[in-house]
Amino acid sequence: MTIQAAISRASIARLLTCAIVLLGITTGIGVAAPAPSADKATLDRLEIDVVRAEDISALKKLQRAYGYYADRGLWEDLADLFADDATANYPSGGFDGNASIRAMFVENLGQGKPGLAEGRIYNHTILQPVVDLAPDGATATGRWRVLGMLGRIGASASWADSLYRFDYIKKDGQWKIKTLVAYAGSGGSYDEGWTAPKPRPPGFVDTSPVRFNLAHPADRPWADPCEEDTSVCVVPFPYPNRGGIKASTYVSAVINTRASTTNDGAAATERAADLIRRAQRLEDEQSVLNLQRAYGYYLDRGLWSKAAALFTPNGLLEVGQAGVYVGRDHIRRSLALMGPEGLRAGQVNDHLQLEPIVHIAADGRTAQGRIFELAFTGGGGQPGRLVQNIAENSYVRVGNDWMIESVHVYTILVTDADQGWAKSALPAPTVSKQLPPDHPPTITYEAYPKIFTPTLHFNNVSTGKPTQYAPGTPITSRNAAAPASTIPAANSKALDAQIKAAQRQMQRISDFNEMENLQSAYGYYAEKSLWSDIAALFTEDGVIEIDGARSNKGHDGVLAFLKASGPEGPQKGVMNSQLQLQPVIHIAADGRSAKVRSRLLQLTRDAQGRPMWGAGIYENELVNDNGTWKFKRLRLHHTWKVYYKSGWASPNADEGQLLPSRFTPPFHYRRP
């Protein structure tokens, strides 16, 4: 039985050999103003908006694929993401040019072989994007966070939390990494938790093997400005404060010459239909992202009925080696094996939905998605578990809504939270005797310390070439061409209406992207106590509310509230990473306001320097303030906060801790 429909990845913007740059005057946040008719100028403006949105989507896919390739040791695919003349600045030094970067991956990290050695973990989870496309449409910047889980069974286990700056360039229709800069962050051994690297005295020379005696030596040293003391270093922002960003008056994109220069009626109609279709696929992609992220929130709180309702009536769920459950009722009952509806008192069941890569089929009826899931489970009488899964899911359009057709969760790692992956490697879930599945597992594999790579449903996101797996990797799904869309016949009046609808779609798509940028930027400001920068993200009557404590209205009120929590600016020895994750974004019909549910994962230390975990849920209200999205209300509910060494499954609440409760922060939506 085939669990996952094989579909081709949706087309991302491709630059054809013959191209021109068209300029468009925009209003709002990077989206062209509606035009009265389907003339060439109208289509040119619409195409600029479509291509730019496709480019943002492609850039996020590229960066998240970086994480998937690094995680499983797919070094050749990882190197293919870099331009020929790229530079990469890592802790081991600076590497110049694709050939040197490739050699660094293959020889230094892979010891000359593709894939990971058995017993090794090398997770580089790519999170918290702030991605901006330049006005010329040919370059872009990205600020991302990388959460690393590193080590080997029986040897070591460590965390790494770093910030990365990327510059991108588009050549021959392909986005590539032009420059990578990795900045030192916090981290530490699994046993000890988050620690900042010890400050290095002036003139200190590092002679450790990590920087020297490499199989492929660095081309030059890399002097990380944050390495001396990460607690007080603010990694440079490649953008101004998001609260003051206005769209460029002129933006451009590279457009197909033949399509953009023709005035032929039939060709113009075909072009218009193609743009309308592409706009719809972009909006569909964001709808599927909302759907998948909402599924994770329902799992968090043990809302099994709501989670099962996101599936089609004959939907499929397969987790680890537990077999396949068919249909909503059986899916709901299988989820309930994790605990009662609403969870047990003290239970944590957080299922973080990370690194989503979603492709909409050409016919717009189906989609596929790859998700990195990091789960914190246990408590309420059960031992704590840290779980890493990779899901390959399929989705289907039912009427105007997207639904989950199948979820296939591949269990990569399960470890006892008290011990970590150097000491503990537990098996994937197996078939339940209490509730047997409808079908046996579709593939047999073992979790860590064994190495299993679930097949990616897409080819290399930059080159389009097939993924280069390690020899012997089982292929669990294959790409297949989706049926081509037909161009609907339409009279002039109907076509004009569809074009205007597509222009409104493009505004919403642009707004969605900017709101994700805004939420991510808030976290980057918060973790360095940049209170003035945070206040600038609010409207003149905006408020911030944390666990019921609320500021007065306006910038001054927000700023006073934040300053009451501590001094402004980074403080020596303070570590407070605030990971902003998993946004579910809904924009009002009039396009003037929006509501966003998102997740906080906090890696911090208390006043005595003891490392702590923290988690929370935001339910935020945003408004478009003269072309800039800002917070009208930011509301954070902390769901648990515990000392790292005692863990989230501990039944004892020491001073300063917040044990998990069964309270569910209200959802702003009925259906995602």
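Side notes on the structure shown:
- Radius ratio Rg over Rh of the range 506-662, counting only Cα atoms, Kirkwood formula for Rh: 0.99
- Lysine pairs in the range 535-672 with Cα atoms under 22 Å, if 8 or more residues apart or on separate chains: 10
- Every helix of 4 or more DSSP H residues in the chain counts as -39500 (n - 2.57), and over all residues that averages to -7000 deg cm²/dmol at 222 nm.
- Cα-derived Rg over Rh, computed across the chain with Rh taken as Kirkwood radius: 0.95
- For the range 271-322 versus the range 389-438, the gap between their alpha-carbon centres in whole angstrom: 16 Å
- The residues neighbouring Arg599, those whose beta-carbon lies less than 13 Å from its own, together hold a net charge of -2 under the Lys/Arg +1, Asp/Glu -1 convention.
- Coupling constants for the range 322-339 follow from the phi torsions by the Karplus curve (6.51 cos²θ - 1.76 cosθ + 1.60, θ = phi - 60°), and in residue order they are 8, x, 10, 9, 10, x, 4, 5, 5, 4, 4, 5, 5, 5, 5, 5, 7, x Hz; glycine and proline get x.
- Accessible area per residue for the range 563-667, computed on protein heavy atoms with a 1.4 Å probe, is 42 Å².
- Label point distance in nm, Asp556-Asp191, each placed 7 Å from Cα along Cα→Cβ: 5.4 nm
- The range 63-103-the range 513-577 distance, computed between alpha-carbon centres (Å): 35 Å
- In this structure, the amide hydrogen of Ile451, modeled 1.01 Å from its nitrogen in the peptide plane, lies closer than 5 angstrom to those of Gly119, counting only residues at least 5 positions away or on a different chain.
- Over the range 66-167, accessible surface divided per residue gives 27 Å², non-protein components excluded, 1.4 Å probe.
- Scanning residues 5 or more positions from Thr639 or on other chains, those with amide H under 5 Å from its amide H are Ala615, Gly616, Ile617, with H placed 1.01 Å from N in the peptide plane.
- Around the amide H of Gly346, modelled in the peptide plane, lie the amide H atoms of Arg662, all under 5 Å away and 5 or more residues distant in sequence or on another chain.
- Cα point-scatterer Debye curve for the range 340-428, base-10 log of I(q)/I(0) at q = 0.10, 0.15, 0.20, 0.21 Å⁻¹: -0.36, -0.69, -0.95, -1.00
- For the range 112-117, the Karplus equation 6.51 cos²θ - 1.76 cosθ + 1.60, evaluated at θ = phi - 60°, returns couplings of x, 10, x, x, 9, 6 Hz by residue, with Gly and Pro reported as x.
- Estimated vicinal HN-Hα couplings, Hz - the range 515-528 in sequence order (Karplus 6.51, -1.76, 1.60; Gly, Pro = x): 5, 5, 4, 4, 5, 5, 4, 3, x, 5, 5, 5, 6, 10
- When the solvent-accessible area of the chain is split by element, carbon and sulfur atoms take up 54 percent of it, the probe being 1.4 Å.
- On the basis of the beta-carbon distance and an R0 of 25 Å, Ala494 and Ala588 show a calculated FRET efficiency of 0.40.
The values are calculated or read from the model by the stated rules, or taken from the named source; none is laboratory data. Keep in mind it's a predicted model, so treat the numbers as computed, not measured. Cβ atoms come from the backbone with ideal geometry, glycine included; neighbour counts cover every protein chain shown. Areas reflect the complete protein model, heavy atoms only, side chains present, ligands, DNA and RNA absent. Shrake-Rupley method; radii C 1.70, N 1.55, O 1.52, S 1.80 Å.
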